[in-house]
Structure formats: structure tokens, C-alpha cells
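Just below is one structure, and these are the notes that go with it.
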Amino acid sequence: MTEEYNLLDRVKQLAKEQGKTLSDIEKEAKLGTRSIYSWKNIAPNTKNLETVATVLNTSTDYLLGRTADSTPIDVYFRIDMKNVPEEKREDFKKELTLLRDFAFKRLQEEEKKLDDQEKDN
């Protein structure tokens, strides 16, 4: 990016690309009205920044201008999409998201089970 980095501008741009307003993002992130607008002058707290990054499916590093790549850091594997027909790509991405969410849920359940076993011992 050749222009000076601006957190608010990055949030606005990603929201626009996703067909959302800043108000939509604030609601999804459970933030107060015009909270994101205040980031123009006041740095957000870490929790709010992480929540907004999650809602926008990006990384905090992207929002903070540390990287020009808006792809979330939690991309664990890359798929060669050239073998997926163009008209099927969005469905394919949705299926991968479901798989990722399922895997995370299973890991959390296993972690909880181990924590419960340690408490019982």
C-alpha cells in the first residue's frame, strides 16, 4: 500500500467488499454504536480488534497494517482451486469452512475432556 495506513479505512474497505456497513460489523461484533469510527483517533482494545477481525474474516495484522494480505492467518492449508469449476467454488469454500469449524469443535471437546479428567485425578 502506498498510502498511509489507516485502521478505520481497512475495516471500511473489507466491510464494503462483504456488502456490510460499519453498523453491521459493530452489531456482529457486539460493539457499541460508532465504536469502530472512534478507532480513527483512539486505538481499539485487543479483544475488540480480534472480534472485528474475526467478523471480517481477516487477521489483526492486516487491520493493523502489518501485512497487505487480508487472508486470515488461520488458513491451515491451501487448495488448488483450478480443478474446482468456477460455479462450484463458493459452495466448495463453504464446505471447507464447515469442515474447519467441525475440526475446531472436536479439538475443543477433547481439550475439555482432558481438563475434566485432570480435575478428577
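Coordinate-derived values only; no laboratory data. Keep in mind that what you see is a predicted model, and the values were worked out from it rather than measured. Please note: Cβ atoms are built from the backbone with ideal geometry, for glycine as well, and neighbour counts cover all protein chains shown.
Multiply the residue gap between Lys30 and Thr71 by 0.36 nm, knock off their C-alpha separation, and tell me the result in nm, one decimal place.
Stretched fully, the Lys30-Thr71 segment lengthens by 12.5 nm.
Using a basic spin-label model with each label point 7 Å from the Cα along Cα→Cβ, how many nm lie between Lys40 and Arg106?
4.7 nm
For the pairs Lys27/Lys94; Lys20/Lys40; Lys30/Lys88; Lys20/Lys93, flag any whose C-alpha to C-alpha distance is greater than 25 Å. Intermediate values should be presented prior to the final figure.
Numbers: Lys27/Lys94 23 Å; Lys20/Lys40 19 Å; Lys30/Lys88 33 Å; Lys20/Lys93 20 Å.
Going by Cα-Cα distance, Lys30/Lys88 fall outside the 25 Å limit.
To the nearest 0.05, how large is the calculated FRET efficiency for Asp61 and Asp115 if R₀ is 41 Å and r is the Cβ-Cβ distance? Walk me through the intermediate numbers first.
Values: r = 30 Å, r/R0 = 0.73.
Computed FRET efficiency for Asp61 and Asp115 comes out at 0.85.
Report the extension gain between Thr21 and Glu95 in nm, rounded to one decimal, defined as 0.36 nm multiplied by the number of residues separating them, less their alpha carbon distance.
In short, 24.0 nm is gained.
Return the calculated 222 nm mean residue ellipticity for the chain, to the nearest 500 deg cm²/dmol, obtained by summing -39500 (n - 2.57) across DSSP H runs with n ≥ 4 and dividing by the residue count. Mind dumping the intermediate values first?
Working: 5 runs with 64 residues, N = 121.
Roughly -16500 deg cm²/dmol at 222 nm, from the helical runs in the chain.
Just the projected area, averaged over all directions, of the convex hull on the alpha carbon atoms of the chain: how many nm²?
Dividing the Cα hull surface by four gives the mean projection, 10.7 nm².
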